[in-house]
Amino acid sequence: MNRAPIPTVYELSVSGRQGADLPLCDVPQTQLPMSLLRSDCALPELSQIEVVRHYLALSQRNFGVDSGFYPLGSCTMKYNPKANEEIARIPAFADTHPLQRPETAQGNLALMYELQHWLAEIGGFAAVSLQPSAGAHGEFTGLLMMRAYHRERGDFGRTRILIPDSAHGTNPASSTMAGFVAVELPSDTRGNIDLEAVQAACDDSVAGIMLTNPNTLGLFEEHIEKVVHLVHQCGGLVYGDGANMNALVGVARPGDLGFDVMHYNLHKTFATPHGGGGPGAGPVGVSARLAEFLPGPVIGRRVEGQSERYVAIEPKKSIGRVSTHFGNFGMFVRAYAYIRRHGAAGLRANSEHAVLNANYLRVKLRDAYKLPFDRINMHEFVCQGSIEDTGVRALDVSKRLLDYGFHPPTNYFPLIVPEALMIEPTETESKPTLDAFAAAMHEIAREARSDSALVKTAPHETPVRRLDEVRAARQLVLTDRAATRGATTRSTQAGNK
Amino acid sequence: MSYVPHTDAERREMLATLGVSRIDALFDDVPAHVRFPKLSLPPPLSELEILPEMQRLAARNAAVDPTLSFLGAGTYHHFRPATVDYVLSRGEFYTSYTQYQPEVSQGMLQALFEYQSMVCALTGMEVSNASHYDGATALAEAVLLALSVGGGKRNKIILSPVINPQYRAVIRTYLRGTHAATLRGDEDAIDGLEQLKSLLDADCAALVVQNPNFFGQCEAMDGLAEAAHRVGSLLIVLADPIALGMFKSPGEYGADIVVADGQSLGIPPSFGGPHLGILAARMVHVRRMSGHLVGETVDADGRRGYVLTLATREQHIRRAKATSNICTNAAVCALGAAAYLATMGKRGLGQVAELCYHKSHYAAAEIGKLKGFVVNPQAPSQPFFKEFVVRLPRPVAEVNRHLQERHGIVGGYDLATDYPHLEQHMLLAVTEVHPRASIDRLVQALSELSS
């Protein structure tokens with residue numbers, strides 16, 4: 001394997017090169033405002049083929065779902081259909097301007113109207129706004145709506161949000177941003193939120209609760225209806241973190257369970273690509289009593305005689321915009337195509353098979369790894385990744401998996417399970433892939449006992465070995481030194497390290 | 001249809017491993033009365049059928065010819081070199097997740113590290129995050145950062161009223177969760193930077209300006225940072241990344257935080273999203289910044305490599321005490337912007353900026369010759385970049401209908417939407433994608449409305 005560092009764009013830069021040409025100026029030139037101009041701009045200078053080879057080389061050192069099995073818990077790394085990428089690039093979608101007159105964008109507005117409607121149907125909600133750009137953004141939006149709801153009723157004392165200790169870190173972070181105090185509640189011995197703790201916490205200072213269901217242990221909350229009832233009884237609202245919705249499409253509608261708000265992760269459940277971290281989309285669905293608080297605009301349909309017209313509508317008590325325009329429209333196109341491809345039965349089949357695959361892997365790993373909650377799980381499950389008496393930890397197992405060509409599961413989350421490995425295979429993985437992954441996990445457990453150093457120093461087969469994260473944080477290097485040296489000279493060191 | 005690969009035999013075998021006979025037996029924890037609802041959704045389509053279905057939907061939009069569209073106001077038609085979509089189409093990049101396993105994510109990490117470096121070069125800042133959702137949310141996060149620097153003691157944010165109105169709306173939403181901040185400028189009748197400066201006092205956490213401003217004008221920034229710093233406030237500048245190809249960087253005139261929407265850097269307008277939030281700052285603020293940061297380090301053999309760093313700022317570690325709740329960002333758009341900047345390079349970006357400058361000035365000059373049309377009536381001698389204001393002899397809606405229906409031209413943005421006193425004022429954007437013939441066609445079409 002070639003392990004030489006790939007030179008940076010700055011190291012490749014040679015003064016005078018240019019990767020794209022532009023037309024000559026075909027209008028009379030205007031005098032430039034000299035006092036406002038910059039003298040230099042330290043961008044790199046490459047030829048076009050150098051740009052292409054550079055990024056191709058970088059892509060070859062990156063692992064995506066297209067590269068192999070990616071069982072990253074709570075992230076739903078399912079197959080991203082290629083047709084949807086082609087569809088999102090249709091010029092009549094991609095080149096449309098968000099401020100063009102609505103009469104000229106009826107296709108886009110119709111698409112968003114239908115997607116709102118379908119998401120509401122899938123989640124059991126009265127209304128949906130597509131505007132939030134990510135799951136955490138949807139959480140923030142939902143919490144601001146909850147805040148506005150209480151305040152509108154003259155109820156200013158509701159300052160606390162209840163959050164189970166198994167929750168994603170975004171839940172407490174979003175609560176803080178929305179001006180609430182996050183109150184952490186324990187889990188019980190079966191992995192549910194502790195019912196007694198919920199009961200004890202419920203009073204008139206509770207604005208609501210944030211629940212992930214199935215929770216981050218991959219377990220369907222066994223007392224979900226009681227929890228919802230307790231929170232509603234004390235005047236609070238129930239927020240659903242839709243990160244784990246891939247277990248529930250066509251299986252159960254959070255709105256039917258009494259949830260008041262939920263965000264959907266289009267980049268998880270509806271297969272829009274994760275993009276190396278983004279962009280995603282985090283639409284929010286709400287029950288009727290919160291509909292007027294949604295961030296606007298939402299899309300409505302007006303029927304006049306034979307013709308229908310789609311219009312942008314500002315909800316009456318809207319919390320205001322959370323991003324510009326309508327949100328991440330390019331993601332809506334992909335999610336629309338995905339739902340349209342599947343229909344109701346196909347979507348339910350996806351959730352069923354996501355759950356089947358996760359349970360199958362749990363049973364396959366049972367003999368080699370400790371399962372803190374060994375019962376039927378939903379779309380993901382958590383095992384302990386440490387191997388007793390060997391000093392091998394979850395992190396080591398994860399790194400060794402890289403040598404076997406698999407992306408590791410989520411490490412050390414949820415926080416309530418020591419040495420957690422959180423495994424979410426998704427429905428698009430085949431039985432042979434799951435079998436191969438299980439075989440590798442068993443082999444690693446054997447290696448831990450026979451040659452623990454091999455596992456502890458893994459990975460061995462990747463372009464770089466374990467990276468010094470402490471050094472990265474202590475000696476912060478956040479920009480290329482070659483950029484500040486000036487992009488005019490080619491570094492003779494490039495590629496020779 | 002689904003993308004589930006299982007054969008019936010495989011499924012049976014897997015169910016047998018679990019000791020159940022039917023897949024729905026796995027859902028007994030779901031309360032029976034809500035289990036397996038009947039969803040009312042349209043029937044499925046095959047891959048062969050979906051493409052024409054989506055094309056039919058797209059065809060309900062008016063066909064767009066970017067060379068005949070003069071809408072801007074924050075979203076722009078610019079040249080997108082083919083290298084960008086080539087890079088964005090690599091499955092290794094776009095089907096990956098955040099780089100929590102750096103050994104198999106070096107490609108994206110290095111690309112984002114290079115993106116951070118290029119953003120710093122453009123903005124004159126010392127640290128850039130690895131992207132935010134879009135320009136508006138990045139600006140809102142910058143405001144929250146400034147409030148955090150103020151340590152809860154500084155409660156005031158001064159917003160220039162000529163910042164993109166939707167951005168100001170997003171900031172107002174973001175501040176709903178804070179009890180501290182009050183906005184000035186945004187809600188006052190403020191005209192010009194001098195008046196904004198007069199609002200500065202010891203209660204101010206940040207002065208926020210856009211340059212070029214929402215009307216396309218390049219205001220003199222001299223003395224602004226000094227005035228802000230004199231009272232202990234930060235200066236936040238919302239910039240246009242293309243303009244930075246020729247104009248002084250905000251770093252050069254003393255900005256503390258620079259924000260931009262990076263859509264112009266090779267990303268399609270896509271009806272408003274996904275775009276790219278650029279957020280860069282002075283190094284002193286690095287620990288209060290939101291979002292991922294990529295840092296250089298070495299591996300166990302001493303080879304250069306990259307990792308996500310300073311994660312202790314982030315929600316998955318700090319939870320309720322995190323600097324922000326952001327997790328998902330716009331990484332692949334940052335990758336696209338990096339590929340764009342690497343392709344255009346120093347000279348290419350400068351050429352794009354100058355073409356925008358000359359072409360917008362040509363359009364403005366020609367429109368200004370038409371009877372009844374006045375260009376930049378509020379600031380006729382102010383330099384501007386790729387956008388300018390035109391006072392029209394007719395209502396904006398009427399002019400735009402005329403342009404679209406008679407000439408297939410998408411006209412400008414109606415400024416009265418946000419500024420009631422600017423009735424019959426339109427904001428037009430002219431960039432390098434507009435050949436002279438398109439501009440002349442616009443001028444000709446407008447001349448038919450000349451009074």
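The values are calculated or read from the model by the stated rules, or taken from the named source; none is laboratory data. What you see is a predicted model, and the numbers here were worked out from it, not measured in a lab. Counting neighbours? That spans all protein chains shown, and the Cβs are built from the backbone with ideal geometry, glycine included.
Side notes on the structure shown:
Yes/no per residue for (1) in a helix (DSSP H, G or I); (2) among the small types (Gly, Ala, Ser); (3) within 9 Å of another protein chain (Cβ to nearest Cβ); (4) at negative phi:
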| position | (1), (2), (3), (4) |
| --- | --- |
| B:357 | yes, no, yes, yes |
| B:371 | no, no, no, yes |
| B:397 | yes, yes, yes, yes |
| B:403 | yes, no, no, yes |
| B:427 | no, no, no, yes |
| B:439 | yes, no, yes, yes |
| B:444 | yes, no, no, yes |
| B:451 | no, yes, no, yes |
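- Looking only at residues of region A:374-393 that are surrounded by fewer than 24 Cβ atoms within 10 Å (Cβ to Cβ), within 25 Å of residue A:268 (Cα to Cα) and at pLDDT 95 or above, we find that the one that is farthest from the other protein chains (Cβ to nearest Cβ) is A:384.
- Any hit, region A:43-50, residues being buried (at least 23 other Cβ atoms within 10 Å of the Cβ), more than 30 Å from residue B:51 (Cβ to Cβ) and small (Gly, Ala, Ser): no
- Residues of region B:333-349 classified as more than 18 Å from residue A:94 (Cβ to Cβ) and either of a type outside the set (Gly, Ala, Ser) or over 20 Å from the mean Cα position of the chain (by Cα) (or both), total: 8
- Checking residue B:336 against (1) of a type in the set (Gly, Ala, Ser); (2) at the interface with chain A (Cβ under 7 Å from one of its Cβ atoms); (3) surrounded by 24 or more Cβ atoms within 10 Å (Cβ to Cβ), the condition it does not meet: (2)
- Test for residue A:141: is it under 25 Å from residue B:170 (Cβ atoms) and surrounded by 19 or more Cβ atoms within 10 Å (Cβ to Cβ): yes
- The residue that is farthest from the other protein chains (Cβ to nearest Cβ), among those in region B:104-126 that are out of contact with any strand residue (DSSP E or B) (no Cβ under 6 Å at 6 or more places or on another chain) and under 21 Å from residue B:312 (Cβ atoms), is B:126.
- Selection from region A:369-424 of residues that are among the aromatic types (Phe, Trp, Tyr) and at positive phi: A:412
- Those strands (runs of 3 or more DSSP E) of region A:251-355 in which 2 or more residues are under 19 Å from the mean Cα position of the chain (by Cα) and under 30 Å from residue B:26 (Cα atoms) occupy A:261-264, A:284-286.
- Residues being crowded, with 16+ Cβ neighbours inside 10 Å and either out of contact with any Lys or Arg (no Cβ under 9 Å at 6 or more places or on another chain) or modelled with pLDDT under 95 (or both) - total across region B:405-415: 4
- Taken as a whole, the structure places residue B:379 among residues that are outside any strand (DSSP E or B), hydrophobic (A, V, I, L, M, F, W, C), modelled with pLDDT under 95 and surrounded by fewer than 19 Cβ atoms within 10 Å (Cβ to Cβ).
- Among all positions in region B:70-82, there is no residue which is at the interface with chain A (Cβ under 7 Å from one of its Cβ atoms), outside any loop (DSSP other than H, G, I, E, B), modelled with pLDDT of 95 or more and surrounded by fewer than 21 Cβ atoms within 10 Å (Cβ to Cβ).
- The residue that is nearest to the chain's Cα centre (by Cα), counting only those in region A:120-138 that are part of a helix (DSSP H, G or I) and surrounded by 24 or more Cβ atoms within 10 Å (Cβ to Cβ), is A:135.
- Applying the set (1) surrounded by fewer than 24 Cβ atoms within 10 Å (Cβ to Cβ); (2) in contact with a Leu (Cβ under 9 Å, 6 or more places away or on another chain); (3) closer than 27 Å to residue B:428 by Cβ to residue B:346 leaves exactly one unmet item: (3).
- Verdict on residue B:291 being among the small types (Gly, Ala, Ser), buried (at least 17 other Cβ atoms within 10 Å of the Cβ), within 8 Å of another protein chain (Cβ to nearest Cβ) and touching a residue at least 40 places away in the same chain (Cβ under 8 Å): no
- Those strands (runs of 3 or more DSSP E) lying entirely in region B:179-267 with at least 1 residues touching an Asp or Glu at 6+ places or on another chain (Cβ under 8 Å): B:204-211, B:234-239, B:257-261
- Residues of region B:181-203 include none that is of a type in the set (A, V, I, L, M, F, W, C) and either in contact (Cβ under 8 Å) with a residue 60 or more places away in the chain or closer than 30 Å to residue B:348 by Cβ (or both).
- Failed condition for residue B:393, given (1) in contact with a helix residue (DSSP H, G or I) (Cβ under 9 Å, 6 or more places away or on another chain); (2) free of Cβ contacts under 8 Å to residues at least 40 places away in the same chain; (3) more than 10 Å from every other protein chain (Cβ to nearest Cβ); (4) surrounded by fewer than 20 Cβ atoms within 10 Å (Cβ to Cβ): (2)
- Residue tally, condition touching a Gly at 6+ places or on another chain (Cβ under 7 Å), in contact (Cβ under 8 Å) with a residue 40 or more places away in the chain and either part of a loop (DSSP other than H, G, I, E, B) or not aliphatic (A, V, I, L, M) (or both), over region A:414-447: 1
- Number of residues in region A:412-454 that are of a type in the set (Ser, Thr, Tyr) and surrounded by fewer than 17 Cβ atoms within 10 Å (Cβ to Cβ) equals 3.
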